[in-house]
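**Q** Okay, here's the structure, questions in a sec.
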Amino acid sequence: MPDACLPLLSIVVPCYNEEDAIPVFLDKITIVLSNMESVDYELLFIDDGSGDATLSVLRKLVESHSNMRYISFSRNFGKEAAMLAGLEAAAGDFVAVMDVDLQDPPELLPKMYEAIIKEGFDCIATRRDTRKGEPPIRSFFAKVFYYLINKISKTKIVEGARDYRMMTRQVVDAILSLKEYHRFSKGIFEWIGFKTKYISYENFPRAAGATKWNFWKLFLYAIDGIIGFSDAPLAVASVMGMLFCFLSFLWLIFIIVRWMLLGDHVAGWTSTICVIVFSSGVQLVCTGIMGQYLAKNYLESKHRPIYIIKEKIHRKQQ
Ligand code: UDP
Ligand code: MG
């Protein structure tokens, strides 16, 4: 029977097609959390519209685990939406977000809690110090992404930062005060500030199941991050526009002078075509950049809900 006086630690766990991973995760996390005698805990699983037996597994497990509850979405809304739903539903004085595949080691939880209580941090975050086991092409693009976003955005994003972190209630409330539709948590965590400590760990293989991220999904996620936290691409479009105006002006003077001196106004077809093709390409890129911001703005202005809940089990009254 949990002690009503103890602080509550909520563990938010997004799950998408994780029927095999959930029981393994639950066994392991229960051992770790039961050994944390200074907190009461709740486990909050978010079924992100899984197509496998994730929901039935959760329904079954909740029967025998009084500290567990779940929320199930009407469809797959993505990990960002699942994390948000979990943070909104979490009742804890402290909240941790972690993956269900045991790539986020549960043994770190007591260490995180201690760092918040004893060292006075508001948030204990994690980062992978290596990308061992990851395809080299994915690591390369991840490196490019972190380099780019840290160059062009005022919000600095720690390379290799994971979503796995423990936060105080104050930090959770700050995250929830950001109502944006396109959520990029790695940026939001940094943007809100607060005293954060990073713990590094090695990359572990998944306990069960397979990753849900392919190259295209990661690419779109990276674009969300860049557009959500920097307007530098818009400035690049304007600068390129100005540069091209200036170059075309020089080109015009050159053509007029050459015509006056040589009277030759027919030659130069190849170079003209090259310029037309190149400048049309640049124009399309610039229009595309503006289109991205406009599209995000369009979706933000619709104020659609970020997720829709189909089923949920509330925390049992204790
Ligand atoms: N996840 C989710 N919705 C999605 C994709 C993933 O809730 O649309 C969950 C997934 O079940 C896991 C966590 O997010 O608990 C991390 O996903 P994954 O392990 O596939 O990512 P990776 O570790 O490969 O970056
Ligand atoms: Mg994983």
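The values are calculated or read from the model by the stated rules, or taken from the named source; none is laboratory data. Here the structure is a predicted model, which means the values were calculated and not measured. FYI the Cβ positions are ideal-geometry reconstructions off the backbone, even for glycines, and counts take in every protein chain you see. Please note that ligands, DNA and RNA were not included when accessible areas were found on the heavy atoms of the full protein model with its side chains. Shrake-Rupley method; radii C 1.70, N 1.55, O 1.52, S 1.80 Å.
**Q** Applying the selection to the stretch 56-94, what residues are within 21 Å of the chain's Cα centre (by Cα), within 29 Å of residue 38 (Cα to Cα) and within 16 Å of ligand 1 (Cβ to nearest atom)?
**A** 71, 82, 83, 84, 85, 86, 87, 88, 89, 90
**Q** Could you grab me the full set of residues in the stretch 202-224 that are open to solvent by 80 Å² or more (accessible area, probe 1.4 Å), among the hydrophobic types (A, V, I, L, M, F, W, C), without any contact (Cβ under 8 Å) to a residue 40 or more places away in the chain and within 16 Å of ligand 2 (Cβ to nearest atom)?
**A** The answer is 213, and nothing else.
**Q** Okay, moving on. What residue, of 192, 175, 188, 199, is over 16 Å from residue 124 (Cβ atoms) and either away from ligand 2 (no atom under 16 Å from the Cβ) or exposed (fewer than 11 other Cβ atoms within 10 Å of the Cβ) (or both)?
**A** Testing whether each residue is over 16 Å from residue 124 (Cβ atoms) and either away from ligand 2 (no atom under 16 Å from the Cβ) or exposed (fewer than 11 other Cβ atoms within 10 Å of the Cβ) (or both) leaves just 188.
**Q** Do you know which of the residues in the stretch 71-101 that are within 13 Å of ligand 2 (Cβ to nearest atom) and assigned to a loop (DSSP other than H, G, I, E, B) is surrounded by the fewest Cβ atoms within 10 Å (Cβ to Cβ)?
**A** Among those residues, the one meeting the criterion is 99.
**Q** While we're looking at this one, here's another question. Inside the stretch 25-52, can you point out the residues that are in contact with a strand residue (DSSP E or B) (Cβ under 8 Å, 6 or more places away or on another chain), of a type outside the set (Asp, Glu) and in a loop (DSSP other than H, G, I, E, B)?
**A** Result: 36, 39, 49, 50.
**Q** Follow-up question, since we're still on this one. Any residue in the stretch 139-154 that is part of a loop (DSSP other than H, G, I, E, B) and either more than 16 Å from ligand 1 (Cβ to nearest atom) or of a type outside the set (Val, Ile, Thr) (or both)?
**A** Scanning the stretch 139-154, I find at least one residue that is part of a loop (DSSP other than H, G, I, E, B) and either more than 16 Å from ligand 1 (Cβ to nearest atom) or of a type outside the set (Val, Ile, Thr) (or both), so the answer is yes.
**Q** May I pose another question? Of the conditions (1) farther than 30 Å from residue 7 by Cα; (2) not in a helix (DSSP H, G or I), residue 104 satisfies every one except a single condition; which number is it?
**A** (1)
**Q** Being among the charged types (D, E, K, R), part of a strand (DSSP E or B) and more than 16 Å from ligand 1 (Cβ to nearest atom) is the filter here, so list the residues in the stretch 160-211 that pass it.
**A** 197
**Q** Same structure again: For residue 276, which of the numbered conditions (1) open to solvent by less than 80 Å² (accessible area, probe 1.4 Å); (2) part of a helix (DSSP H, G or I) fails to hold?
**A** (1)
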